[in-house]
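Worksheet: the structure to be examined is printed underneath.
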Amino acid sequence: MANEAEKEAAARASLKYVRDGLIVGLGTGSTATIAIRYLGERVRNGLKIRGIPTSIASRDLAIQLGIPLTNFDEVQEIDVTIDGADEFDPALNLIKGGGGAMLREKIVASATKKLVIVTDSTKQVPLLGKFPVPVEVIGFAEALLAKKIAELGASVAQRKDGAGKPYVTDEGHHILDCRFGQIPDPADLARKLSDMPGIVEHGLFVGMASVLLMANAGEVAEFRRA
Ligand code: A5P
């Protein structure tokens, strides 16, 4: 089954978690985008939800589709968030941020009762780390942090945009993509990164996902965090 068809199937399966009256976190990335499009279709057919987007791109898409939006001034708890992931392990720890949105994604996830992750079958790994961990940094500290993260054993590269310039996030920061290789203890690494002043956020999501829907060869497998 092609990747695109798997993303489509996983995104479609996530709709069973959405019903009238819910506040819904809207993820970022290609799989979450498909889910937002399905939500838009449901809203056109009468579904009553309010969305909180995790990026400017997802906000713009939701507006275009007519999905009513809200924000943290109005609500402090999100019922369900549908988002993608770059990798997940058997404990449903995640690497996110391939699309550069992990800061808002993690804020939304932290305010969410049920975080539903949708992926194709390429995202499943026994141990995280094939995918680099994106780390969003304050410009002032960038060179210092690149050295400090390298001392933890990573090879570190500044993310570039399509024009070869430093990639700038929705919140105006740069991203360091940090290749650690296999990460045996994601919670430990997450703590070490969070403890470094100047790191705004990183893409390790430990113990946050409630449910993960992974499409594989025509089936959608559902994993729940123990
Ligand atoms: C966006 O910043 C990411 O966290 C995405 O959720 C992640 O990169 C997965 O994206 P795809 O669904 O496009 O693979």
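Computed on segment 133-196, with alpha-carbon pairs under 8 angstrom and 6+ residues apart, the relative contact order is 39 percent. Charged side chains reduced to their Cβ positions (Lys and Arg at +1, Asp and Glu at -1) give segment 185-226 a dipole of some 80 debye around its Cα centre. Taking a sphere under 14 Å around the Cβ of Tyr17 and counting the other residues whose Cβ falls inside, with K and R at +1 and D and E at -1, yields a net charge of +3. Over all orientations, the chain has a Cα convex hull whose mean projected area works out to 12.4 square nanometres. Taking every C-alpha pair closer than 8 Å and separated by at least 6 residues, the mean separation divided by the residue count of the chain gives a relative contact order of 24 percent.
Only Lys, Arg, Asp and Glu carry charge here, each on its Cβ (+1 for the first two, -1 for the last two); on that basis segment 75-144 has a dipole of about 80 debye about its Cα centre.
At a probe radius of 1.4 angstrom, the accessible area of the chain per residue rounds to 46 square angstrom. All other residues whose Cβ lies under 9 angstrom from that of Ala157 are scored, Lys and Arg at +1 and Asp and Glu at -1, for a net of +2. Under 5 Å from the amide H of Ala85 lie the amide H atoms of Val118, each residue being 5 or more positions distant or on a separate chain, with H modelled from the backbone and absent for Pro and chain starts. As a fraction of the 1.4 Å probe accessible area of the chain, surface on carbon and sulfur atoms comes out at 52 percent.
The values are calculated or read from the model by the stated rules, or taken from the named source; none is laboratory data. Because the structure is a prediction, the values reported are computed rather than measured. Positions of Cβ are generated from backbone atoms using ideal geometry, with glycine treated the same way; all protein chains shown enter the neighbour counts. SASA here: full protein model, heavy atoms, side chains in, ligands and nucleic acids out. Shrake-Rupley method; radii C 1.70, N 1.55, O 1.52, S 1.80 Å.
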